[in-house]
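Please read the structure below before turning to the comments.
The values are calculated or read from the model by the stated rules, or taken from the named source; none is laboratory data. Treat the numbers as computed from the prediction; the structure is a model and nothing was measured. With ideal geometry, Cβ positions are generated from the backbone for all residues, glycine too; neighbour counts draw on all protein chains shown.
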Ligand code: HEC
C-alpha cells in the first residue's frame, strides 16, 4: 500500500515535469531583434510602412488586414511555411524566402509587426 502510494507520487511528479518540458521552447518574440529580421528579409515586399510595396501584399496597418484579423499561431505558421490566400495574385514565400531564419527570428519578427504596424482599436 505505502509502496503503491509512493509510486503514484513519483508518476505524478514525472508527469508534471514532462508537462513543464512541453511548454513552448521558444521565448516570446523580441521586437527589437525582429526589426532587423524585417529590414533584412520582409521589407522588400511589405515595405517600411507595412502597407505593402507591391501588388498583392496585404496592408498590415489595415483594420481588415492580417494583424487585426488573425491570431499569432496562424501568422507564425504562415510566416514559417508560406501562405497563399484564395484568389491571391502573389504568395507569401516560406520564411519570406530566407531559409536562414530560425523559429526565434519568426517569433521576433511577429512581435515587431505587432508593435509597429498593428492598427489601434
Ligand atoms: C516576395 C515578397 C514577400 C516577402 C519577401 C515577404 N512577404 Fe509576407 N506576404 C507576401 C504576400 C504576397 C502576402 C499575401 C499572400 C496572400 O494573401 O496570398 C504576404 C503575407 C504575409 C502575412 C499575412 C499572412 C496571412 O495569414 O494573411 C504576414 C504576417 C507576412 N506576410 C509576414 C512576412 C514576414 C514576417 C516576412 C519576412 C520574414 C515576409 N512576410 C516576407 C509577400 C512577401
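Within segment 75-103, being near the ligand (Cβ under 6 Å from one of its atoms), assigned to a helix (DSSP H, G or I) and without any contact (Cβ under 8 Å) to a residue 24 or more places away in the chain holds for one residue alone: 78. If you filter segment 65-74 down to residues that are assigned to a helix (DSSP H, G or I) and within 8 Å of the ligand (Cβ to nearest atom), you find that the one that is farthest from residue 114 (Cα to Cα) is 74. With respect to the stated conditions, residue 73 fails to be modelled with pLDDT of 95 or more, surrounded by 18 or more Cβ atoms within 10 Å (Cβ to Cβ) and out of contact with any helix residue (DSSP H, G or I) (no Cβ under 8 Å at 6 or more places or on another chain). Of all residues in segment 84-98, those being loosely packed, with under 15 Cβ neighbours inside 10 Å and closer than 15 Å to residue 55 by Cβ number 7. Within the group 55, 118, which residue is more than 6 Å from the ligand (Cβ to nearest atom) and in contact with a helix residue (DSSP H, G or I) (Cβ under 6 Å, 6 or more places away or on another chain)? The match here is 118.
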